[in-house]
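To start, the structure itself, in C-alpha cells.
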Amino acid sequence: MDYSGHLEHMLCKHGGDDDVSFDQNSFGAAAAIASSEQILTSAIDSMKLNQVVHLQIADLSLGAAGHTFSAVDTVVEVLRRKLAMINGGTEPAFEVFFSDLRPSKDFTSSFRPLEDRVDGSGKKYYSAGVSGSFSWRLFPKGELHVVVTSSLQWLSRIPRKVMKKGSERWNKGRAWIQGAQREVVEAYAEQSDKDLVQFLKCRKEEIMVGGMLFMLMAGRPSDLESQVSDESRLKLIFTTFMDQAWQDLVDEGSIKEERRDGFNIPVYLRNTEEVAAAIESCGGFKIEKMELLKIDDPMNARQQEFMKDPDSYGRAMANLVQLNYFYHMIAVSAIRV
Ligand SMILES: C[S@@+](CC[C@H](N)C(=O)[O-])C[C@H]1O[C@@H](n2cnc3c(N)ncnc32)[C@H](O)[C@@H]1O
C-alpha cells in the first residue's frame, strides 16, 4: 500500500484474461460503453468537418479489457462514413493514441485486441500507446480531432485532508466516502472539481477547434447528495463489505488500525451539475449533450450460474470490489469552441 495518496502509485488493473482479470470481470464498464454508443455516434456525426486526410484520435484510459476499443471503433466508423462524401473518395488515415497512467507489465496484453482491427484491406487505424496521467498535457497543441475517456471518476489523489489524523476531515475507519462525515465528502468534492478542471484545461489545449471531447464517468443522480442511494448494491460493495473486511483484518491483528486508516479509494461520483460547472469554469468547450445513464446490474444475469457455484459468486464479488463498478454513468459530449 502506498501512502503518498497519488493515484499512479495505487491503481493497477489486473491484466490478462484469467478469471480475476479486469477483462473477465468488467461487466459494468462494458455495459456503460455500450449504453453510451448512441450518444457518442450522434456527437461524432454532429462534427463539422472539411476535407481531411489525416485524423488523430485519443482514448485516455485504455484499461485492460477488450471492450475499451469499441468506443474508438465507433468514432472511426462514423468519421469514415462522414468523410467518404466530404473527401470525394479519398480514404482518410486514422491515427489513434491509447493512453493510461503508466506502462504496466500488461500494457502489451492490453493491446492484443488491436490485432482484430486489421482487416483484409489493411489497418482500420494506426495505433500507439502513450503513457501518462490525463491530468497533464499528453499531446501537442490543437492537433486532436476527437478525445474519448471513461475513467474520470478516479481522482488524481486521495484528498490530503481526509488522511490527516485527528482532523475533522479525517476519514477514520472507512475506505470510501459513503456514510462519511460531511466534511470528508466536501474534501472529495473539492478534489474532484480541481481534477476535472485540470483535465479540461489540458484537453482544451490539445483538441483542435471544432473537435470533440467525449467523457464517460461514473456518476450519481442530481438529487442524491451522498454518493450512492441506500438501495444500491454499490453501497454494500464499496462500503459495508470492504470496510467490514478491513475491520476483520484489524480485529484479528493482521494489520494495524493505522494502516487501515491510511487507505482510501480516490473515487468521486459527480452529478451532472458538477460536471457542467467544471466545463463552464474551464471555458473553451460547449456541451453538445449530457446524460445520466443507468447501467443494468450485470450480477442479475449471472444469478443461476452463481447459485450452482457459490465459490464463483464469492470470487466475482471480490473482483467487483477490486474493480470500480457503478450503477450510474454520466456521458458528456463537448465541442471545442
Ligand atoms: C475503469 S478502467 C478502464 C476504462 C476502460 N476504457 C474500459 O472501458 O474498460 C480505468 C482505467 O483508467 C486508468 N486511469 C485512471 N486514472 C487515470 C489518469 N489520471 N490518467 C490516465 N489513466 C487513468 C486506470 O489506470 C485504468 O486502467
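The values are calculated or read from the model by the stated rules, or taken from the named source; none is laboratory data. None of the values given here were measured: they were computed from a predicted structure. As a convention, Cβ positions derive from the backbone with ideal geometry for all residues, glycine included, and neighbour counts pool all protein chains shown.
Points worth noting:
- Taken together, the residues in region 265-283 that are at pLDDT 90 or above and assigned to a loop (DSSP other than H, G, I, E, B) amount to 5.
- Condition check for SER167: modelled with pLDDT under 95 and within 16 Å of the ligand (Cβ to nearest atom): no
- Pick from region 71-93, criterion in contact (Cβ under 8 Å) with a residue 40 or more places away in the chain and of a type outside the set (Val, Ile, Thr), ranking: nearest to ILE39 (Cα to Cα): ALA71
- Flag if GLN56 is in contact (Cβ under 8 Å) with a residue 24 or more places away in the chain and buried (at least 20 other Cβ atoms within 10 Å of the Cβ): yes
- Taken over region 30-53, residues that are more than 12 Å from the ligand (Cβ to nearest atom) and either crowded, with 20+ Cβ neighbours inside 10 Å or among the β-branched types (Val, Ile, Thr) (or both) amount to 7.
- Criterion violated by MET208 - all others in (1) outside any strand (DSSP E or B); (2) away from the ligand (no atom under 13 Å from the Cβ); (3) surrounded by fewer than 23 Cβ atoms within 10 Å (Cβ to Cβ) satisfied: (1)
- Answer from SER131, SER109, SER104 - the residue that is within 11 Å of the ligand (Cβ to nearest atom), modelled with pLDDT under 90, farther than 28 Å from ARG81 by Cβ and surrounded by fewer than 16 Cβ atoms within 10 Å (Cβ to Cβ): SER131
- In region 59-98, residue farthest from the ligand (Cβ to nearest atom) [restricted to those that are surrounded by 20 or more Cβ atoms within 10 Å (Cβ to Cβ) and assigned to a strand (DSSP E or B)]: PHE94
- ARG137 being part of a loop (DSSP other than H, G, I, E, B) and under 30 Å from LEU40 (Cα atoms): yes
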